[in-house]
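Report on one structure; see the data block that follows.
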Amino acid sequence: MRKTDGSDVPIRRRPVRSFVRATAGAAAAALLLGAPAASASADEPAPGRTLARQAVEEREHWNTTDHSKHEELQAEFHAGPEVTRACLSCHTEASLQFHQTIHWTWADPFADPAKRNGKGGWTVNNFCINIHSNEPRCTCCHAGYGWKDDTFDFTDQNRVDCLVCHEQTGTYVKFPAGAGNPAAEEMVFKGNGKTYYPPDWNRVAQSVGRPTRRNCGVCHFDGGGGDGVKHGDLDSSLREPNRELDVHMGTDGEDFDCVRCHTTRGHLIAGRIYSTPAAPDRRSLIEDDLAPKIMCESCHSDKPHKPGVKANDHTDKVACQSCHIPTFGRGLPTKMWWDWSKAGNKKDGKPYTEKGPYDRPVYDTKKGEFVWAVDVVPEYAWFNGSIPTLTAADEIDPGSTPVRVSWPLGARSDPNSRIFPFKVHRGKQPYDTENKTFLVPHLFGKPDSDAYWAHYDWQRALVSGQRAAGLPFSGKFDFIETSFVYPTTHMVVPKERSLACEECHADEARLANLTGFYMPGRDRSRPVDVGGWGLVGFSVVAVAVHGSIRFVSYGSRKRKGGRKGGNDAAKEERS
Amino acid sequence: MNARERLVTIYLYTRFERFWHWVQAALILTLILTGLEIHGTFTLLGFDRAVEIHNFVGVSWLILFVFIVFWLLTTGEWKQYIPTSKRMYDVVCHYSIGIFQGKPHPIQKCVDRKHNPVQRLVYLTIAAILLPIQMVTGLLYFTYNHWEAWGIDFLGLAGVASVHMIMAFFLLAYLVVHLYMTTTGHTLSSHIAAMWTGRDLVVEGTTVEDWERAKDKT
């Protein structure tokens, strides 16, 4: 049972802990009775396990308070910033900490600010492309209130939305076009026809606790504007997955929350940020118990299999994900293709959508053509943890399509690179044929705006979008095919379902495109094969000819009944 | 020699010789089979099981090979493999002409002389060159992950794998001929029977010249 009553007291005490205590008790008893020390130490768990257990099992450690008892949270709230002010009365540094994080800035903290890297800057993708001029819609996933245009005050502490990450009722929903605000009154969102209600502010405020899968999923499951759109390995099926879908998060397995691996320090959450790898080096918790728990090796070490198993030798060149995430899109369908050039078609003069397989839209007048897929085999590339992403200010080469909007960095010769599985999303998006840059379309806006979804006029939408982004536009545009990569790292299957060796060690197998190195089962020297089989074939022919002549000559000698040789004499002797 | 020559049964192959011959045969067959599957020639056991078996059998053979060499050295049987060109012409003539005329083998086996000059040459080449190369390349293949630490990563897996494959093809071709040659005894199966029982048929009164003896006369 996941706690839903808003209290911070854990409902469950995991059986494994009582087992550990019982074992420890038995060991202590054995010691008292004079059992040999050696047998007691054999029962002790491995050193790393104790630390790992402490981190997850001792939930009480994180929850020394019951927020429903806090006086500050009894006041009548009417809006998010009021709740935040109450939070800050105790958690004095929380907003200042949060202001430093990418969840707030939507800017790459490691890049030159002038380049404006980050989804709040000029970074583009091949989904909804960029947020400029589209803020009220895009920023419904911002952990803040009221980012509706470029006047948003990033220094206002009360605008931090504590609730979206910390509330535990599951009822706190932001209005999809509310610039990060929940509905102030009962409102219908035209985009999906759903009715949105204002939150029960006091109830959600008093429920707060450590973020769960549900909290993170509010935004991350819906990346790209819908469930499973962006990441094939991150969708709402991970809210309550079974261990078949994700061996770590499975509620019938380890039941990890996101923060079990995405460890947090002062609201900074461990994870990859644009071109910055999630973890700079491969340390396990046994080597360093303060290492960020973001990598498989943090808990499993770089020799995770039984001693002597060949897979242990693979960890230097092959990421764990490559074998242990055989396919993505296993939970829900994921979008593989988005063609903006097909947008704008109407039926009977009206915009329409058309559903295809998996009950997902394959055409939408507003957005163009889509392709969805389930259970998708990833594409593999050498990866050192860095994924550079183009911005709308970068010049592109329209001659080489698909233009890579983002791509994994890495090479076989780089000791930090390993073969890694990716979802590659492809599509067509507008670009400036003169300036050779991607274009920011103004998509979402009021009927009297230049928004594409108001008039279905690309020219107006692109002029408006580029102006909002502060970027030039020649006025000439076309659509160009692009690709965008997502590392596949969630939805790890149970070990018995991991990839068989021959999925890669065979002709035309998964790693067929990764050349430049010898892989047994896939690669072979053609001259050696031709020469070798030639030699074997020659031997077979030679002995066949030799044997036939022997057979024929033996027969003819027998018919003649003439002089018998050694072989024939032997037969005579024996008979 | 004439048609009236008598054949006698002699005890040629000792128990350990027969043991290592057949165990080695089984190991080589398994290695060729699993090796070809790892190479990607066919799918039978599945890649990982083929690799597992190939590695285990390879190491087993290495251990057996040490015992074989030790036995050859301590018993003096290594002298059976001293190469010679004397009378090789006779043997070649026999297999290319005489055998079709029903003539007896020019070199009859005996305890002191188990192999004819062609056999000596072939077996020595296999045992002293081919198999050691196969073992070294196999071990290198097996220890690929340590190459960098050992400072031998200039080798390249493709090269090592190719040499290993070339030797494997030689062995396979040899195996074809070797199996066929077992049929050239006094009966089709007498050579194979000899490798099981240790006893083979030879023409009575076979003489061995001193130079070709594996053992001293005494």
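The values are calculated or read from the model by the stated rules, or taken from the named source; none is laboratory data. Everything numeric here is computed off the predicted structure, so don't read it as measured data. Cβ atoms come from the backbone with ideal geometry, glycine included; neighbour counts cover every protein chain shown. When the accessible area is computed, the model is the full protein with side chains, heavy atoms only, and any ligands, DNA or RNA have been set aside. Shrake-Rupley method; radii C 1.70, N 1.55, O 1.52, S 1.80 Å.
Tabulated results
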| read-out | value |
| --- | --- |
| Top positive-direction residue, dipole computed over the protein assembly as shown with Cβ charges, set B:Thr187, B:Thr197, A:Val204 | B:Thr187 |
| Per-residue average of Cβ from other chains inside 10 Å of B:164-177 | 5 |
| Rg/Rg_ref, segment A:391-525, where Rg_ref = 2.2 N^0.38 Å and atoms are Cα | 1.48 |
| Cα point-scatterer Debye curve for chain B, base-10 log of I(q)/I(0) at q = 0.16 Å⁻¹ | -1.17 |
| Radius 10 Å from Cβ of A:Cys320, net charge of other residues (Lys, Arg +1; Asp, Glu -1) | -1 |
| P(r) histogram, all alpha-carbon pairs of segment B:64-122 included - 10 Å bins from 0, percent | 22, 42, 23, 12, 0 |
| Neighbourhood net charge (10 Å Cβ-Cβ; Lys/Arg +1, Asp/Glu -1) for A:Gly178 | +3 |
| Largest-first principal axis extents of the Cα set of segment A:289-344 (Å) | 58, 29, 22 |
| Shielding of B:104-115 by partner chains, average beta-carbon count, 10 Å | 1 |
| Cα-centre dipole for chain B with unit charges at Cβ (Lys and Arg positive, Asp and Glu negative), debye to 20 | 860 |
| In degrees, nearest ten, helix A:80-90 long axis to first principal axis of chain A (Cα) | 80 |
| Assigned charges on the beta-carbon of Lys, Arg, Asp, Glu; the protein assembly as shown dipole about Cα centre (debye) | 3940 |
| Summed buried accessible area for B+A [probe radius 1.4 Å, Å², rounded to 100] | 3600 |
| Relative frequency of Cα-Cα separations exceeding 11 Å in segment B:118-157, percent | 66 |
| With 5 Å bins from 0: P(r) over segment A:63-127, alpha-carbon pairs, percent | 4, 14, 17, 16, 12, 11, 10, 8, 7, 1 |
| Leading residue at positive end of dipole, segment A:233-386 (Cβ point charges), from A:Ile269, A:Gly329, A:Leu238 | A:Gly329 |
| Accessible surface of the protein assembly as shown, 1.4 Å probe, proportion on carbon and sulfur as whole % | 59 |
| Neighbour count of at most 11 Cβ within 10 Å plus DSSP loop: longest GluC sites (Glu not before Pro)-free window in chain B | B:1-203 |
| Measure of compaction for chain A (Cα Rg per 2.2 N^0.38 Å) | 1.29 |
| Scattering profile of segment B:141-200 at q = 0.22 Å⁻¹ [log10 I(q)/I(0), Debye over alpha-carbon scatterers] | -0.85 |
| Longest to shortest principal axis, alpha-carbon extents of segment A:134-236, angstrom | 34, 32, 28 |
| Solvent exposure of the protein assembly as shown as accessible area per residue, Å², 1.4 Å probe | 51 |
| Shielding of A:484-490 by partner chains, average beta-carbon count, 10 Å | 0 |
| Summed residue charge, Cβ within 14 Å of B:Arg49's Cβ, Lys/Arg positive, Asp/Glu negative | -3 |
| Under the span-like rule (Cα at least 30 Å along the axis, Kyte-Doolittle mean at least -1.0), DSSP H helices of chain B | B:15-39, B:47-75, B:157-181 |
| q = 0.21, 0.22, 0.23 Å⁻¹, segment A:281-381: log10 I(q)/I(0) [Debye, one scatterer per Cα] | -1.04, -1.09, -1.14 |
| Positive-end residue, segment A:168-233 charge dipole about Cα centroid, Cβ charges, pick of A:Val188, A:Gly178, A:Gly228 | A:Gly228 |
